[in-house]
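**Student:** Handing you this structure, nothing more for now.
The values are calculated or read from the model by the stated rules, or taken from the named source; none is laboratory data. Note that this is a predicted model, so its numbers are computed, not measured. In this analysis, Cβ positions are derived from the backbone assuming ideal geometry, glycine residues included, and neighbour counts consider all displayed protein chains.
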Amino acid sequence: MQFVTRGLLILLLVLGLGLVGSASAAEFSARVFQSKDGTPVHGSIWVSGNKVRMDMLSEAGPVVTISRGDKKVLWIANVAQKQYLELPGVVLGPISGQPVDPKLLAEKRELGTEKVDGRLCDKIYYRYKDAKKGRVVEWVDRDLKYPIKIVHKGPHGAVATVFEKIKPGPQKASMFEIPAGFKKVTRKKKSR
């Protein structure tokens, strides 16, 4: 069974580089557009504080990713197979709003302000000490205090993620639970 395709994995990486959970209190939903080397991926995102849900259409079909900062867990659900994988200790969230770990970041620089989808954002550049993690620019929405555009450049190319049609407001708690009727599966360990 295939849960995570390369495109989805890169989106997860971009949203979760070096994080242990979002300190954000943002609450909103939005459409997500991602481009990796010119290949578009579309989906939706819901954010409620340290809870994030993304529904994406990947090469493997519809995939639901739910990050629960309160439970310190990430669930990846394959909708077609009605199965989910649980990754304890993995939490997604933006780089901004996190304590900056000087062991990870070589540089953090504010690049001014820009509008994204009509919303005023602070543009922030991050460069990691580990070149494999690359460089990230976040456009952090001033009202939401959450990035609505993220560009990651690393050894595997560039990925741009943009949130559009943002709707601020509370999200249903049920959005951040495993869909009913889904069966938990475990990852197969590679044998040596």
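**Student:** Can you pull out every residue in the range 145-157 that is loosely packed, with under 15 Cβ neighbours inside 10 Å and closer than 14 Å to S35 by Cα?
**Tutor:** Hits for the range 145-157 are K153, G157.
**Student:** Can you tell me which residue within the range 26-43, out of those that are crowded, with 17+ Cβ neighbours inside 10 Å and touching a His at 6+ places or on another chain (Cβ under 9 Å), is nearest to L144 (Cα to Cα)?
**Tutor:** Across the range 26-43, the extreme among qualifying residues is V32.
**Student:** Would you confirm, using the coordinates I've provided, whether L92 is within 22 Å of M54 (Cβ to Cβ) and modelled with pLDDT of 80 or more?
**Tutor:** no
**Student:** Right, next: Filter the range 39-62 down to the residues that are outside any strand (DSSP E or B) and either at pLDDT 90 or above or closer than 18 Å to S174 by Cβ (or both) and list them by number.
**Tutor:** Going through the range 39-62, the residues outside any strand (DSSP E or B) turn out to be 49-50, 59-60.
Listed by number, the residues that qualify are G49, N50.
**Student:** Follow-up question, since we're still on this one. I'd like the full set of residues that are among the basic types (K, R) and part of a strand (DSSP E or B), limited to the range 127-167.
**Tutor:** R127, R135, K149, K153, K165, K167
**Student:** Continuing with the same structure: Based on what the data block shows, is I76 in a strand (DSSP E or B), over 15 Å from V162 (Cα atoms) and β-branched (V, I, T)?
**Tutor:** On the way: in a strand (DSSP E or B): yes; over 15 Å from V162 (Cα atoms): yes; β-branched (V, I, T): yes.
Yes: the conditions hold for I76.
**Student:** Also: Among the residues of the range 2-23, are any in a strand (DSSP E or B) and either farther than 19 Å from I150 by Cβ or modelled with pLDDT of 70 or more (or both)? Please lay out each step first, then the result.
**Tutor:** Step one: list which residues in the range 2-23 are in a strand (DSSP E or B), which gives none.
No, the range 2-23 has no match at all.
For every residue, the table says whether it meets (1) farther than 28 Å from N78 by Cβ; (2) modelled with pLDDT under 85.
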site: R135; (1), (2): yes, no
site: D141; (1), (2): yes, no
site: Y146; (1), (2): no, no
site: I166; (1), (2): no, no
site: A180; (1), (2): no, no
site: S191; (1), (2): no, yes
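**Student:** Looking only at residues that are closer than 18 Å to W46 by Cβ and among the charged types (D, E, K, R) in the range 131-144, which one is surrounded by the most Cβ atoms within 10 Å (Cβ to Cβ)?
**Tutor:** Per the criteria, the residue is D141.
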